[in-house]
Structures are given as C-alpha cells and as structure tokens.
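Asks: The structure under discussion is supplied below as structure tokens; questions concerning it will follow.
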Amino acid sequence: MRVSSKVECGIIALVDIAVNSWSENAESIVKVNAISQRNNISAKYLEQIIPLLKQAGLLRSIKGSGGGYTLSREPSSITLNEIVDALDSSILASSEFNDQLDARATETIAECLWEPVNDYLRKFSRNLTLKDLADKLTEKQNEQLELMYYI
C-alpha cells in the first residue's frame with residue numbers, strides 16, 4: 001500500500017502535537033514552525049495539511065501571537081482511521097475494478113483478497129489510536145536519550 005506524503009506528514013504532525021501538547025494536567029499550544037523544525041517538514045506544506053485535520057475535528061486552533069494548535073480531544077479517542085479519512089478517504093475505501101474486466105474474475109478476487117485485506121486494515125486503523133503512536137514515539141525518544149553519554 002502506498003500512502004501519500006500528505007497522509008504521512010499529517011500523521012506525523014498529529015503525533016508531534018500529541019507528544020508536545022497533551023498531558024494529564026494541561027494542554028500546551030504547538031506552533032506550525034515548531035512541528036516543521038522537529039520533523040523536517042516544510043511549514044508551508046503543513047499549512048496545507050493542518051486545515052484538513054481541523055476541519056475533521058481533530059485539531060483546535062488558537063489565534064494570536066501566542067497561537068498555534070492543540071488536539072480537539074484526548075489522543076486516546078482519536079483513531080488512525082479518522083486521521084487517514086481526514087487526509088485521504090480513498091486509502092481505506094473498498095477496491096474498485098475496471099468495468100472492462102471479466103466481472104466473475106474481479107468479483108472473485110475482490111471477495112477472496114481485497115475485501116478481507118480492506119476489512120483488516122479498517123479494523124486495525126480503528127483500534128490504533130493517536131495515543132498509541134505518541135506513546136511509541138516517546139518511548140523511542142527516551143531510549144535514544146538513555147543511550148547518549150558524554151565523555
């Protein structure tokens with residue numbers, strides 16, 4: 001499966017916001033430039049992606065000089081399925097075949113291969129949350145810090 005850079009960068013941006021803004025006690029505001037610098041993604045590109053996430057109800061924007069973005073709800077309640085659908089609804093959509101191909105063959109292939117694969121991906125993406133991704137990133141960052149030592 002190929003995932004567009006828009007989807008990949010959108011997921012990275014949401015994970016970054018989750019890691020850098022969300023805690024049990026309070027929410028912090030994350031600026032686009034900070035996301036851009038931490039993840040080596042063009043700020044202009046992020047500014048095209050973030051409105052899609054906001055429109056889908058995944059982000060809230062705070063205006064003004066201290067403004068930026070924060071999650072609209074807890075990371076544990078945002079699924080990968082929602083994120084992907086907000087950015088490219090065709091990824092988890094049902095497969096469609098060319099009308100000129102033999103219908104029996106395409107129906108058989110769809111029934112035996114593509115429907116089970118798509119069902120699995122949809123189920124998996126509904127069970128994987130933004131919190132899961134943020135926790136894994138935090139774990140990897142902590143492992144890297146533990147491996148650093150100074151002479």
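Asks: Heavy-atom accessible area of ASP135 with all protein chains present, probe 1.4 Å, nearest 10 Å²?
Replies: ASP135 has an accessible surface of roughly 80 Å² with all protein chains in place.
Asks: Here's something else I'd like to know. Averaging sequence separations of C-alpha pairs under 8 Å and six or more residues apart, then dividing by the length of the chain, give the relative contact order as a whole percent.
Replies: 26
Asks: Here's something else I'd like to know. Amide H neighbours of ILE78 under 5 Å, counting only residues 5+ apart in sequence or on other chains, H built in-plane at 1.01 Å?
Replies: HN-HN under 5 Å from ILE78: LEU130, LYS131.
Asks: Helix 43-55 versus the longest principal axis of the chain: what angle, 0 to 90°, nearest 10, using Cα atoms?
Replies: That works out to roughly 70 degrees.
Asks: Lysine pairs in the chain with Cα distance under 30 Å, only those 8 or more apart or on different chains: how many are there?
Replies: 29
Asks: Per residue, how much accessible area does the chain show when a 1.4 Å probe rolls over the protein heavy atoms, in square angstrom?
Replies: Per residue, the chain has 67 Å² of solvent-accessible surface.
Asks: Quickly rank 75-82, 42-49 as a protection proxy: mean count of other C-beta atoms within 10 Å, highest first.
Replies: Highest-to-lowest ranking by the protection proxy: 75-82, 42-49.
Asks: Report, in debye and to the nearest 20, how large the dipole of the chain comes out about its Cα centre when Lys and Arg carry +1 and Asp and Glu carry -1 on their Cβ.
Replies: Here the chain has a charge dipole of around 680 debye.
Asks: For the chain, find the longest principal axis of its Cα atoms and tell me its angle to the long axis of helix 130-147, 0 to 90°, nearest 10.
Replies: The angle comes out near 50 degrees.
Asks: Shape of the chain from its Cα gyration tensor (a ≥ b ≥ c, root eigenvalues): rounded if a/c is under 1.5, otherwise prolate when a/b > b/c, or oblate?
Replies: prolate
Asks: Still on this structure, please answer the following. If I ignore ligands, DNA and RNA and count only protein heavy atoms, how much of ASP88 is accessible to a 1.4 Å probe, in Å² to the nearest 10?
Replies: Looks like 40 Å² after rounding.
Asks: Tell me what the chain gives for mean residue ellipticity at 222 nm when only DSSP H runs of n ≥ 4 count, each as -39,500 (n - 2.57), the sum divided by the residue total, rounded to 500 deg cm²/dmol.
Replies: Using -39500 (n - 2.57) per qualifying helix, the result is -17500 deg cm²/dmol.
Asks: Another one. Can you sort ILE11, ILE29, ILE41 by 1.4 Å-probe accessible area, starting with the largest?
Replies: Greatest to least solvent exposure: ILE29, ILE11, ILE41.
The values are calculated or read from the model by the stated rules, or taken from the named source; none is laboratory data. Predicted, not measured: the structure shown is a model, and the values here were computed from it. Every residue, glycine as well, gets a Cβ built from its backbone with ideal geometry; the counts of neighbours run over all protein chains shown. Ligands, DNA and RNA are excluded from the accessible area calculation, which covers all protein heavy atoms including side chains. Shrake-Rupley method; radii C 1.70, N 1.55, O 1.52, S 1.80 Å.
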